[in-house]
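What follows is one structure encoded as structure tokens, with my remarks underneath.
The values are calculated or read from the model by the stated rules, or taken from the named source; none is laboratory data. None of these values were measured; they are calculated from a predicted model. Because the Cβ atoms are built from the backbone with ideal geometry, glycine has one as well, and the counts that use them run over all protein chains shown. SASA here: full protein model, heavy atoms, side chains in, ligands and nucleic acids out. Shrake-Rupley method; radii C 1.70, N 1.55, O 1.52, S 1.80 Å.
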Amino acid sequence: MIESLRPCIRGMAGYTPGEQPREGTVVKLNTNENPYPPSPRVFEAVRAALTGEGLRKYPDPLGTHFRRAAGRVLNLDPDGILIGNGSDDILTILTRAFVPEGGLIVSPTPSYLLYRTLANLQGARFQTIPFAGDWTLPKGWPPTGAHLTFLANPNSPSGTTVSISTIQEFNTPLVVDEAYADFAEDNALGLVRRGTKNVVVTRSFSKSYALAGIRFGFAVAEPALVHHLYKVKDSYNCDVLSLAAAAAAIEDQDYFRATRSRILATRARMEKALGELGFNVCPSQANFVWCRREDRALKPIYEELKQRSILVRYMNYEGYGDGLRISVGTDEEIDRLLAELKAIL
Ligand SMILES: *Cc1c(COP(=O)(O)O)cnc(C)c1O
């Protein structure tokens, strides 16, 4: 049957997610998970969803309860919210909805590598445009003619942001991937609240809400567009447990703010300490920091850390070069990282 595969599937490489070691002894700073557990209310909500009729029946395909909760907390129209099995599911739905086979997807680079995979799956062309040296968008961005433009904001791996005043100038179909926006000073939800029609904002529960294992994300756009996007998703793309967990998590804003401020404090400490160890550290608006250096090869540092049971992400981008992307862990984890780095360097 292999010969019957669509040529674009046979020809593509496939996305490689970060390593997920299963033994618990590794200090895991490679995929930007939250170092703190989810809100206690999440466990209560999941437990409640497990009792009674919870598992026997199909989930609510619209995620009504979650949409109302998110609408209240974020001051959004619930009809402008699309639920997803992780924000990657949302990105897939958007690609299927907007990009025809042979169509064009555009993204700045270096950025989230999944965008290329999505273009490959769709049989679409993928065009990248390099960020300027200071991680601003180059002149002439976005190019015209794209069926969809992906902008990770904050960006991965840099942790930098493009200003909302810049984003609001664009008039191409634009997805602002805000997987990390909860750690940033600003976000694009205001554009949607003000009725901007060419922008879809995507959010993830994997990082700021500590629910990477449950797989939940959502998109925010004008309600008339979201109405069409519901036709593209799987009917039951979110299960009862993830819907219950996500609603409970977003309703507990006190807990959310407490863990976020701990992460932001650790991030500031990390940036300073890594700078003192000779890394060029990009000021981050996310829950990771991007570190480069010219005087030492970075791959061996990554490997040395791994030997010492500390996992960070080594990234090497064509036309740009390499760096280490290090997630903000607990203070104890970062102390260990810094001590091992001192020993290695
Ligand atoms: C983590 C991440 C996502 C995916 O988040 P999930 O909700 O876990 O699918 C999307 N975009 C970027 C830039 C990310 O880093």
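Calculate the dipole size of the chain relative to its Cα centre from +1 charges on Lys and Arg beta carbons and -1 charges on Asp and Glu beta carbons; express the result in debye to the nearest 20.
Details: 39 positive and 38 negative charges, 62 e Å.
In total the dipole reaches around 300 debye.
Each other residue within a Cβ distance under 15 Å of Gly275 adds +1 if Lys or Arg and -1 if Asp or Glu, for a net charge of +3.
Considering every Cα-Cα pair within the chain, what fraction, in whole percent, is farther apart than 32 Å? For the chain, the fraction of Cα-Cα distances above 32 Å is 32 percent.
Rolling a 1.4 angstrom probe over the protein heavy atoms with all chains in place gives the stretch 1-65 an accessible area of 71 Å² per residue. A convex hull fitted around the alpha carbon atoms of the stretch 133-203 yields 91 Å³ per residue. Projecting the Cα atoms of Ser163, Ser327, Ala212 onto the charge dipole of the chain (Cβ charges, centred on the Cα centre) puts Ala212 farthest toward the positive pole. Counted by Cβ distance under 12 Å from Thr31, the other residues give a net charge of +2, where Lys and Arg count +1 and Asp and Glu count -1. Where only DSSP H runs of four or more residues are counted, the chain gives -11000 deg cm²/dmol as its mean residue ellipticity at 222 nm, each run worth -39500 (n - 2.57). Mean projected area of the Cα convex hull of the stretch 234-321, taken over all directions, amounts to 9.4 nm². From the residues Pro37, Asn237, Ile263, which one has its Cα farthest along the dipole of the chain in the positive direction, the dipole being from +1 and -1 charges on Cβ of Lys/Arg and Asp/Glu about the Cα centre? Farthest towards the positive end: Asn237.
Beyond 17 Å, what percent of the Cα pairs of the stretch 6-47 remain?
Details: 524 of 861 pairs.
Here the long-distance tail beyond 17 Å is 61 percent of all Cα pairs in the stretch 6-47.
Taking Lys and Arg as +1 and Asp and Glu as -1, the other residues whose beta-carbon sits under 15 Å from that of Val199 total -2.
Within the straight-line cut-off of under 29 Å between alpha carbons, the lysines reachable from Lys197 are Lys139, Lys207, Lys231, Lys233, sequence neighbours fewer than 8 places apart in one chain being disregarded.
Compactness of the stretch 76-174 is given as radius of gyration and Dmax, 13.6, 39 Å, from Cα positions.
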